[in-house]
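Colleague: The structure follows.
The values are calculated or read from the model by the stated rules, or taken from the named source; none is laboratory data. In this text the structure is predicted, and so the values were computed from the model without any measurement. Heads up, the Cβs are rebuilt from the backbone with ideal geometry, glycines too, and the neighbour counts pull from every protein chain shown.
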Amino acid sequence: MSITDIIEMHEIQWDNEGGLYRCKITVNQLFKVSIIAGVGAYSNPRTMLSDFSHYELYEVAFFDMNDNWLEVIPVDGDYSKVTYSRNEFTDVWSSVAPFEIKDAINALLEAWEG
């Protein structure tokens, strides 16, 4: 599954400034996932490519519907099982593959209690 397949399943907001692709998706009106790639992001590569889908790894962050940070933690390093809590500070995942992003979204949907 490509990053394009994942993001096209959700409502998408784009902000591509400063050598970065910034994609924020809204998942079932429950939470948001920011997926970033490009110069200065924790992506691979860390340069601006011609297409968002050409990156191997992405920087990811999670937010509630009020844009408050969520700390999402894979259980035993497994992205298909997560716990989460609200966090007042930045919580970013670095160098995440598309299949891990998909697994984390599905796991957060399963764990979601609001």
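Colleague: Any residue in the stretch 55-67 that is within 15 Å of LEU109 (Cα to Cα) sitting within a Cβ distance under 7 Å of a residue that is in a loop (DSSP other than H, G, I, E, B) and among the aromatic types (Phe, Trp, Tyr)? List the pairs, counting only those 6 or more apart or interchain.
Modeller: The qualifying pairs do not exist here.
Colleague: Check whether at least one residue in the stretch 1-20 is surrounded by 13 or more Cβ atoms within 10 Å (Cβ to Cβ), under 12 Å from the mean Cα position of the chain (by Cα) and closer than 12 Å to ALA61 by Cα, and report yes or no.
Modeller: no
Colleague: Looking at the structure I just gave you, is SER80 at pLDDT 95 or above and farther than 22 Å from LEU20 by Cβ? Talk me through it step by step, then tell me what you get.
Modeller: Working: at pLDDT 95 or above: yes; farther than 22 Å from LEU20 by Cβ: yes.
Yes, satisfied.
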